[in-house]
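Chemist: Attaching a single structure in structure tokens format; questions to follow.
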Amino acid sequence: MTPQKRSHHRLKRAVAPYLYLSPSLIIISLLMLLPMVTVIGYSFQNSAVLRRDPSFAGLKHYQAIFADPVFWASLWHTLYFTCMSVVFHMTIGMIFALMLNSDRINPTLRNILRVLYILPWLFTAVIIAVIWRLLLEPNGVVNSILMQLGIIGSKVEWFSSPETALHAVTFANIWAGYPLFMVSLLAGLQGIPKDFYEAADIDGAKAYQKLIFITIPQLMPIIISISLLDFIWTMQVFPLIWITTGGGPIYSTEVLSTYTYKLAFSSYNLSQAAASAVIILLISLGLTLFYIRYQKAR
Amino acid sequence: MTFRIRPAVLKMAAAAWLLGATGAMADTTLEFTQWWEPELPAGSLRKIMDEFEAANPGIKVTLVSGPYATTRDQISVGAATGTLSDVVGLDGAWVNNLNAQNALADMNPMMDASGFDKAQVADIIKVDGKAVMFPVASFVYPVFVNLDLAAKAGVTKLPSTRAEFLEAAKKMTQADKNQYGWVLPLSLQTPSGVQNDMMSWVWASGQSMMADGKPALEAKPVVDMLTFVKSLNDAGTISPGIATKTEQEKVEEFVNDRVGMMIDSLAHVNLIRKRNPNLNFDLIPVPVVENYDGKRGLPYASWGIGISAGSKHQEEAWKLVQYLMSEKVNAKLVSLANAFPGNVNAKPDFVTSDKAFGKAFEIFKTGYLANEFTGLPVAEDLMTQFDVQAQKMLAGEQSPEEAAANAQKGWMAKF
């Protein structure tokens, strides 16, 4: 083989992997990178999209967002909504997974529960929002039951009262999202060797000790992975909040996604909406990097 | 098996293709983007377009139809990128933004050149002196009254003034039976309740929320309206869940005998009858302030029409606009839509065949169309801002004067 041919062959070998990757690289660039870069670009323009000759705005839109008290309220609501959702998704998911994995429950009942517990996952966000709006409306079933039980004295406007609205949407989201944890943890539980529990039984360990010293440590990789993913997804929840409260009453359920939507489609301030979207992107990116680092460390 | 195509057949096919292509080239094809087609009986708008094409040889119309929200986004993007359709369906709330983008053609020169009779149209929406939109069909918002609830509550005379309305609402309210006098939808998801259910009280009494082209929310008309709404709320006459209630839920509550009165679009009459055929209701104009006997402003939403400034076929587009605004065609279109006409001479057929529509038509003819949000910049955002302040007021966080002042501050930033 001549040196020229050898060099040509080396080049081909070096290029080949990139050629194999090129279809997916092109698709990712078109579907992900291009829109992201475009939105980042918009956030530095005046009258982005709405004018054919937008001027450079510098950091103006970011400054406007950081100076807006509604943005900070949205950020706080997003954190509350997300943290509460993730914690309760995990707790409820764990309880139900343990229940479905238990030998003490009749297999037929277990199968029925398995179907029932996974139901919320089968509904779309719109259906979930409609269900909870009907249940929690002032004349709805929830108020009626609570009044009959004597827990509340008068009708509560769950979604319409600034005091209860954020808790109500968080509750609806908890109901909608726990099956992800339940299914993942159930799979993890079924993978824990029985020997561990048998050894613990011989040592005289109690149920809660087995849970703390065997089950939870064994499930920890799943718990952390799913929690991080759930955190990223829940931060971006939009339809459930939009349909139930529209970000109100007043600004009590305004989260980053509804805040951005209103900037774009109510105020037609697409530049500021782009800046807000970039801030959400940066927060999500931080969490994603954390997730990737965790995965690599494992 | 093999097929042989004879040269003669090929020649004929080529000739037919050429003929077709030449024919197509000779035609001007107008693109007409709107949200009306899905809301009209299937095929009816296309039929009107076919009749237009027959009356105007050489012009074809392609309908680009979609739901309202999609159309709004499509038009915004089209205006920005210069790809707006030749003819566009418009909502009055959009025209200011579109005009700021120089996306809409001024129809004044077209009207002058064609000798168009301006007196025949109900309204011409102008921004900066440019005629940018005609309301083709108007959906007015009278007060719907549940007559059975009113009779049971001892309301013998339907309210004509705000004070009478408050009294009637109090009488109709029986909270223990989930029955309320009035319903107010102020969901931030669709803040149109500010326009239809709140500002309508101002316009009904011939008043305005503007002064010299600027917001005047701190002036007496708006503060009085807020005070009145607050008094209805304080009296417990408004159905609960105001802050998240949507227009659709408002109608549902009325249909289910849970509220005695609501301000709503006439377009919902058939829906209400379908949902509850036994509901006994009547329509009245929005009540006015004491001692007012002038003409009543009638809130409305409209299907507007305009022409793209970038259209290469403005002459043909104007023909289509004229056609839709002409007496007979307009009457036909609004009859299909259960709306009131954009042409003052057009009389939709339902006003003679249906008592409720007939009565609403009388209200329409004795009053005037009023919607001050039409043509305002970022109208929906203004409604959202007012909505938030109204919600704070109803939650007891501020007085009507403070709500008006805070809304004024927010609005001024947008002007």
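Chemist: Over the heavy atoms of B:Glu218, what accessible area does a 1.4 Å probe trace out, to the nearest 10 Å²?
Modeler: 110
Chemist: So for chain B: antiparallel DSSP bridges make up what percent, rounded to the nearest 5?
Modeler: Bridges in chain B that DSSP calls antiparallel: roughly 65 percent.
Chemist: May I ask you to derive the FRET efficiency for B:Asp176 and A:Gln209 from their Cβ-Cβ distance with R0 = 41 Å, giving the value to the nearest 0.05?
Modeler: 0.15
Chemist: Separate question: On full extension of the chain, what length is gained from B:Asp112 through B:Asn291, given 0.36 nm per residue of separation minus the C-alpha to C-alpha distance?
Modeler: Roughly 60.2 nm would be gained on extension.
Chemist: Can you give the accessible area buried between chains B and A, summed over both chains, with a 1.4 Å probe, in Å² to the nearest 100?
Modeler: Summing both chains' loss of accessible area gives about 2500 Å².
Chemist: Can you tell me the dipole magnitude for the protein assembly as shown around its Cα centre, using point charges on the Cβ only (Lys, Arg +1; Asp, Glu -1), in Debye to the nearest 20?
Modeler: Here the size comes out at about 2620 debye.
Chemist: Another question, then. Using just the helices of chain B, give the 222 nm mean residue ellipticity in deg cm²/dmol: DSSP H runs with n ≥ 4 each add -39,500 (n - 2.57), and the total is spread over all residues, rounded to 500.
Modeler: One gets -13000 deg cm²/dmol as the mean residue ellipticity at 222 nm.
Chemist: Count charges around B:Met262 for me, please; just the other residues with Cβ under 9 Å from its Cβ, Lys/Arg as +1, Asp/Glu as -1.
Modeler: Overall, the nearby charge balance is -2.
Chemist: Still on this structure, I have one more. Just tell me how shielded A:40-52 is by partners: mean number of partner chain Cβ atoms within 10 Å of each residue's Cβ, no decimals.
Modeler: What the average comes to for A:40-52 is 2.
Chemist: Top to bottom by accessible area (1.4 Å), largest first, where do B:Asp257, A:Asp103 land?
Modeler: A:Asp103, B:Asp257
Chemist: Between B:Lys214 and A:Ile28, how many nm apart are label points set 7 Å from Cα along the C-beta direction?
Modeler: 5.5
Chemist: Extending each Cα 7 Å along its Cβ direction at A:Val115 and B:Ala119, get the distance between those two points in nm, one decimal.
Modeler: So the two model labels end up 7.4 nm from each other.
Chemist: Taking θ as phi - 60°, what are the ³J(HN,Hα) couplings along segment A:175-192 by the Karplus curve (6.51, -1.76, 1.60), each to the nearest whole Hz, with x for Gly and Pro?
Modeler: Residue by residue, segment A:175-192 yields 4, 6, x, 5, x, 4, 5, 4, 5, 5, 5, 4, 4, x, 4, 6, x, 7 Hz.
Chemist: How well do other chains shield peptide A:247-257, expressed as the mean number of their Cβ atoms within 10 Å of each residue Cβ?
Modeler: That works out to 5 on average.
Chemist: Given charges of +1 on the Cβ of Lys and Arg and -1 on the Cβ of Asp and Glu, with all other atoms neutral, how large is the dipole of segment B:211-250 about its Cα centre, in debye to the nearest 20?
Modeler: With Lys and Arg at +1 and Asp and Glu at -1, about 40 debye.
Chemist: What is chain B's relative contact order, in percent, from Cα pairs under 8 angstrom and six or more apart in sequence?
Modeler: 25
Chemist: Would you mind calculating the gained length between A:Ser55 and A:Ser154 on full extension (0.36 nm times residue separation, minus the Cα-Cα distance), in nm to one decimal?
Modeler: The A:Ser55-A:Ser154 span can extend by a further 30.1 nm.
Chemist: Cα axis of helix B:379-394 to longest principal axis of chain B: angle in degrees, 0 to 90, nearest 10?
Modeler: 20
Chemist: Give me the number: length gained by fully extending A:Gln218 to A:Val70, i.e. 0.36 nm times residue separation minus the C-alpha to C-alpha distance, one decimal in nm.
Modeler: Working it through step by step, the gained length comes to 49.1 nm.
Chemist: What is the packing order of peptides A:139-149, A:249-259, taking the mean over residues of other C-beta atoms within 10 Å and listing the highest first?
Modeler: Going from most to least packed, we get A:249-259, A:139-149.
Chemist: Quick one: net charge of B:Ala395's neighbours, Cβ under 13 Å, K/R +1, D/E -1?
Modeler: Computed value for this residue: -4.
Chemist: With the Cα gyration tensor of chain A giving a ≥ b ≥ c as the square roots of its eigenvalues, does the rule (a/c under 1.5 for rounded; else a/b larger than b/c for prolate; else oblate) give rounded, prolate or oblate?
Modeler: Here chain A falls in the oblate category.
Chemist: Something else: Find out how many positive minus negative residues lie around B:Ala150, taking Lys and Arg as positive, Asp and Glu as negative, among other residues whose Cβ is under 13 Å from that of B:Ala150.
Modeler: Spelling it out: positives minus negatives among the neighbours equals -1.
Chemist: I would also like to ask the following. Helix B:314-325: angle to the longest alpha-carbon principal axis of chain B, degrees 0 to 90, nearest 10?
Modeler: That works out to roughly 50 degrees.
Chemist: Please label the shape of segment B:136-217 as rounded, prolate or oblate, based on the square roots a ≥ b ≥ c of the eigenvalues of the alpha-carbon gyration tensor (a/c under 1.5 means rounded; beyond that, a/b larger than b/c means prolate, else oblate).
Modeler: prolate
Chemist: Considering only A:Trp72, A:Val237, A:Tyr117, whose Cα is most displaced toward the positive end of the charge dipole of the protein assembly as shown, charges sitting on Cβ of Lys, Arg (+1) and Asp, Glu (-1)?
Modeler: Of the listed residues, the answer is A:Tyr117.
Chemist: Here is a further query. Mind jotting down the distance between the C-alpha centroids of segment B:31-81 and segment A:154-215, whole Å?
Modeler: So the separation of the two Cα centres works out to 53 Å.
Chemist: What does the average come to when, for each residue of peptide B:65-77, you count the partner chain Cβ atoms lying within 10 Å of its Cβ?
Modeler: Taking all residues of B:65-77 together, the mean is 1.
Chemist: Relative to the first principal axis of the alpha-carbon coordinates of chain B, what is the inclination of helix B:7-26, with its axis defined by its Cα atoms, in degrees from 0 to 90 and to the nearest 10?
Modeler: Roughly 40 degrees, rounded to the nearest 10.
Chemist: Identify the residues of segment A:85-107 with backbone N under 15 Å of a label point that sits 7 angstrom from the Cα of A:Leu287 along the Cα-to-Cβ direction, or state none.
Modeler: A:85-90
Chemist: How far apart, in nanometres, would the label points at B:Ala69 and A:Ala14 be if each is projected 7 angstrom from Cα along the Cα-to-Cβ direction?
Modeler: 5.2
Chemist: Residues of segment A:62-297: accessible area per residue at 1.4 Å, in Å²?
Modeler: 49
Chemist: Another question, if that's okay. Of all trypsin sites (Lys or Arg not before Pro) in segment B:149-193, which ones are in loop regions per DSSP and have a Cβ with at most 12 other Cβ atoms within 10 Å?
Modeler: B:Lys157
Chemist: As a test of reading the structure, rank A:Arg52, B:Arg46 by solvent-accessible area (1.4 Å probe, protein chains only), most first.
Modeler: A:Arg52, B:Arg46
Chemist: Can you sort A:His9, B:His313 by solvent-accessible area, 1.4 Å probe, largest first?
Modeler: Ranked list, largest accessible area first: A:His9, B:His313.
Chemist: Less than 13 Å from a label point 7 Å out along the Cα-to-Cβ axis of B:Asn276: which backbone N atoms in segment B:188-209 qualify, by residue?
Modeler: Taking a point 7 Å out along Cα→Cβ of B:Asn276, no residue of segment B:188-209 has its backbone N under 13 Å.
Chemist: Just the number, please: carbon plus sulfur as a percent of the accessible area of the protein assembly as shown, 1.4 Å probe, no ligands or DNA/RNA counted.
Modeler: 61
Chemist: Provide the solvent-accessible area of A:Val278, counting protein heavy atoms only and rolling a 1.4 Å probe, rounded to the nearest 10 Å².
Modeler: Accessible area, nearest 10 Å²: 10 Å².
The values are calculated or read from the model by the stated rules, or taken from the named source; none is laboratory data. Predicted model, so just to flag it, every value in this text is computed and none were measured. Note: ideal-geometry Cβ built from the backbone for every residue, glycine included; neighbour counts use all protein chains shown. Remember, those area values only see protein heavy atoms, side chains included, never the ligands or the DNA or RNA. Shrake-Rupley method; radii C 1.70, N 1.55, O 1.52, S 1.80 Å.
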